[in-house]
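One structure is given here, and the rest of the page talks about it.
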Amino acid sequence: VEVGQSIRTALAERNLPHRASDVKPHVTISLGIASWVPLPSASSEELVKAADWALYQAKIRGRDRYCIYPHRKWKPSQERS
């Protein structure tokens, strides 16, 4: 979260123009954050899928923000019911 917020802050400080944006008149960034202690049945693809889900949530909630994947909802595909 700290790294993501520092990236957003640094980009905002640059104030790069983005005339085609529907969000703000300058370039912004949306981030999806996911992390966990890996299990033997988990793969790196599962972690990427979780981060991608969180990124999608950031975009549908208005962009220019980060969202964190809620661990309690994610199970590696081999363990899903």
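Side notes on the structure shown:
- The set of residues from segment 49-64 being outside any helix (DSSP H, G or I) and either open to solvent by less than 90 Å² (accessible area, probe 1.4 Å) or touching a Lys or Arg at 6+ places or on another chain (Cβ under 8 Å) (or both) comprises G62, D64.
- Selection from segment 11-43 of residues that are in a helix (DSSP H, G or I) and open to solvent by 50 Å² or more (accessible area, probe 1.4 Å): A12, E13, R14
- Scoring E46 on the criteria (1) closer than 17 Å to Y69 by Cβ; (2) open to solvent by 80 Å² or more (accessible area, probe 1.4 Å); (3) out of contact with any strand residue (DSSP E or B) (no Cβ under 8 Å at 6 or more places or on another chain) leaves a single failure, condition (2).
The values are calculated or read from the model by the stated rules, or taken from the named source; none is laboratory data. None of these values were measured; they are calculated from a predicted model. Backbone-built Cβ (ideal geometry, glycine too); neighbour counts: all protein chains shown. Side chains are part of the model used for accessible areas, which takes the heavy atoms of the whole protein and leaves out ligands, DNA and RNA. Shrake-Rupley method; radii C 1.70, N 1.55, O 1.52, S 1.80 Å.
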